[in-house]
Amino acid sequence: MDHMALPDAGAGSQAIRLEGLSVPGFLMGSEASLVRTSLTLADGKITDEAADQVVDMKGAMAFPCFVESHTHLDKAQMWNRTPNPNGTFDGALEAVRSDKEGRWDRPDLFPRMGFALRTAYAHGTRAIRTHLDYVGDTKAAAVSWEVFAELRAEWAGRIALQAAALTVGDMIDEDPTSLDGCADLVASHDGVLGAVTYPHPHLREWLKDYIKAATDRGLDLDFHVDETMDPTVNTLKDIAELVLEHGYDGKVLVGHLCSLSVMPEAEALATLDLVAKAGINVVSLPMCNLYLQDRHGARTPRNRGITLVHEMKARGINVSFASDNTRDPFYAYGDMDMIEVMREATRIGHLDHADPDWSRAFLTNPAAACGFEAPSLAPGAPADLVICKARNWTELFARPQSDRIVMRAGRAIDRTLPDYAELDPLMNALEPV
């Protein structure tokens with residue numbers, strides 16, 4: 001299927017009925033995994049009016065365009081100049097730290113972040129939350145937010161963008177005014193306040209400070225949590241307890257939670273009960289965690305690093321999946337492609353042979369967690385669709401769906417992906433690593 005395969009259903013067009021589509025049942029009010037239906041498109045929207053033209057889709061699967069709730073656009077596409085030396089988490093931290101020095105300015109950030117957005121758009125993503133590093137040089141951090149704001153304006157109407165500050169709590173110990181400065185910057189950009197949480201004697205005090213700073217400014221919170229295979233690490237419990245204790249009513253999104261998969265079962269499940277009670281949202285990043293966790297030289301990994309998504313879903317916790325990093329020291333691969341994330345999450349987390357509505361975790365769940373407009377196939381919704389030749393889940397996941405059609409406002413877009421060679425001027429390596 002090429003981008004010219006469907007009639008134009010954009011502004012001023014005739015009404016086009018796509019007949020015989022297969023779509024996730026929950027989008028049509030059904031408990032079935034997939035249902036066969038038809039969608040009529042006109043004037044860039046889904047409509048219930050009579051069709052002027054009918055196209056037989058032969059069972060092709062269709063989704064509303066996807067929502068990414070956890071990415072790192074400021075790190076995207078660094079690999080060719082600063083690869084991870086050993087594939088470990090510590091190796092990633094050091095590589096990013098060294099890459100930032102003297103490099104993360106507008107001439108570097110704007111093209112790398114824009115490259116990632118062009119890729120995501122071509123694959124069929126309509127909304128993204130990215131984390132922006134706020135560690136060390138606060139002037140450099142401000143530049144990242146300025147570049148983000150410029151890109152958000154440029155991409156308005158194509159990809160809705162949010163940014164969350166990625167900080168470390170010990171900055172409060174070093175400078176008690178630092179959190180207020182960060183929170184003010186975030187608020188000025190309508191952003192989200194966030195941090196990495198890890199065991200520390202002052203952790204709970206830091207978390208109280210973040211909750212207060214967010215409450216005072218009406219901000220949501222987003223934390224990187226327990227990205228380790230150490231079974232003794234459980235800062236998630238602290239977050240849930242303090243959200244409940246302070247009655248914080250903003251949205252809280254937590255990502256990773258790898259240690260839940262190796263800690264004693266009773267402790268893990270009791271923690272999830274608290275998370276459910278606190279109304280905390282979770283995003284799992286299975287591709288990046290599979291890459292980093294339980295990595296040891298010349299030793300086969302024993303653990304996957306994915307968090308307890310089935311147990312979360314059973315408790316009514318809002319669970320999403322996302323790409324996380326893309327061709328940077330934290331993850332050498334990836335392409336900002338939510339169908340790839342869906343395919344790999346299904347394999348890594350055994351989402352098959354489970355409840356039929358896991359597709360929510362790539363559509364409406366991340367939208368709810370971040371406050372984006374909910375993807376929908378109801379009349380009046382934008383005709384923003386990803387259509388694949390596959391007719392069922394196994395056909396969808398067996399191939400990369402590189403021939404998918406992406407429609408925006410009723411028109412099939414040109415899905416040509418940006419060329420990696422465009423980034424060569426930003427790289428130090430003469431040859432790809």
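Restricted to the range 354-385, and to residues that are within 12 Å of the chain's Cα centre (by Cα) and not in a loop (DSSP other than H, G, I, E, B), which residue is surrounded by the fewest Cβ atoms within 10 Å (Cβ to Cβ)?
Restricting to residues being within 12 Å of the chain's Cα centre (by Cα) and not in a loop (DSSP other than H, G, I, E, B), the top hit is A367.
Any residue at all in the range 327-340 that is under 26 Å from G250 (Cβ atoms), open to solvent by 10 Å² or more (accessible area, probe 1.4 Å) and aromatic (F, W, Y)?
no
Hey, could you check the range 122-141 for residues that are surrounded by fewer than 16 Cβ atoms within 10 Å (Cβ to Cβ) and within 14 Å of D105 (Cβ to Cβ) and say which is modelled with the highest pLDDT?
The residue in question is K139.
From the residues in the range 187-232 that are under 23 Å from the mean Cα position of the chain (by Cα) and among the aromatic types (F, W, Y), which one is surrounded by the fewest Cβ atoms within 10 Å (Cβ to Cβ)?
Of everything passing the filter in the range 187-232, Y198 is surrounded by the fewest Cβ atoms within 10 Å (Cβ to Cβ).
Write out, first by first residue and then by second, each pair whose Cβ atoms fall under 8 Å of each other, whose residues are 6+ apart or on separate chains, and whose first residue, in the range 409-426, is more than 15 Å from C388 (Cα to Cα) while the second is in a helix (DSSP H, G or I) and open to solvent by 90 Å² or more (accessible area, probe 1.4 Å).
Close Cβ pairs satisfying both conditions: L417/R118; P418/R118.
Could you list, in sequence order, all residues of the range 249-288 that are assigned to a loop (DSSP other than H, G, I, E, B) and buried (at least 23 other Cβ atoms within 10 Å of the Cβ)?
Within the range 249-288, L257, I280, L285 meet the criteria.
Listed residues W79, W104, W145; which is touching a His at 6+ places or on another chain (Cβ under 6 Å) and over 26 Å from S13 (Cβ atoms)?
Residue meeting the stated conditions: W145.
Which count do you get for residues in the range 117-138 that are over 15 Å from S69 (Cβ atoms) and in a helix (DSSP H, G or I)?
7
On the given criteria, is G349 on the phi > 0 side of the Ramachandran plot, under 18 Å from the mean Cα position of the chain (by Cα) and of a type outside the set (S, T, Y)?
no
Please go through the range 390-399 and pick out each residue that is under 22 Å from the mean Cα position of the chain (by Cα) and open to solvent by less than 80 Å² (accessible area, probe 1.4 Å).
Across the range 390-399, the qualifying residues are W393, L396, F397.
What pairs come out if I take residues in the range 172-186 that are over 15 Å from H200 (Cβ atoms) and open to solvent by 20 Å² or more (accessible area, probe 1.4 Å) and pair them with residues that are in a loop (DSSP other than H, G, I, E, B) and of a type in the set (D, E) whose C-beta lies under 9 Å away, six or more apart or interchain?
What qualifies is G181/D175.
Among the residues of the range 18-36, write down those that are hydroxyl-bearing (S, T, Y) and closer than 13 Å to W393 by Cα.
Scanning the range 18-36 gives S22, S33.
Taking W104 as the residue in question, decide whether it is in contact with a helix residue (DSSP H, G or I) (Cβ under 8 Å, 6 or more places away or on another chain) and either assigned to a loop (DSSP other than H, G, I, E, B) or open to solvent by 50 Å² or more (accessible area, probe 1.4 Å) (or both).
When the stated conditions are applied, W104 passes them.
Is there any pair with a first residue in the range 7-32 that is closer than 25 Å to T364 by Cα and assigned to a loop (DSSP other than H, G, I, E, B) and a second that is among the β-branched types (V, I, T) and open to solvent by less than 30 Å² (accessible area, probe 1.4 Å) whose Cβ atoms are under 7 Å apart and which are 6 or more apart or on different chains, and what are they?
A9/I16
Checking A32 against (1) at pLDDT below 95; (2) under 30 Å from R152 (Cα atoms): exactly one of these is not met. Which one?
(2)
Looking at the range 52-101, which of the residues that are charged (D, E, K, R) and within 19 Å of M287 (Cα to Cα) is surrounded by the fewest Cβ atoms within 10 Å (Cβ to Cβ)?
Looking at residues that are charged (D, E, K, R) and within 19 Å of M287 (Cα to Cα), I get D90.
Any idea which residue in the range 290-309 is most open to solvent (accessible area, probe 1.4 Å), counting only those that are in contact (Cβ under 8 Å) with a residue 12 or more places away in the chain and of a type in the set (A, V, I, L, M, F, W, C)?
For the range 290-309, the residue satisfying everything is L290.
The values are calculated or read from the model by the stated rules, or taken from the named source; none is laboratory data. Since the structure is predicted, the reported quantities are computational estimates derived from the model, not experimental observations. Cβ atoms come from the backbone with ideal geometry, glycine included; neighbour counts cover every protein chain shown. Ligands, DNA and RNA are excluded from the accessible area calculation, which covers all protein heavy atoms including side chains. Shrake-Rupley method; radii C 1.70, N 1.55, O 1.52, S 1.80 Å.
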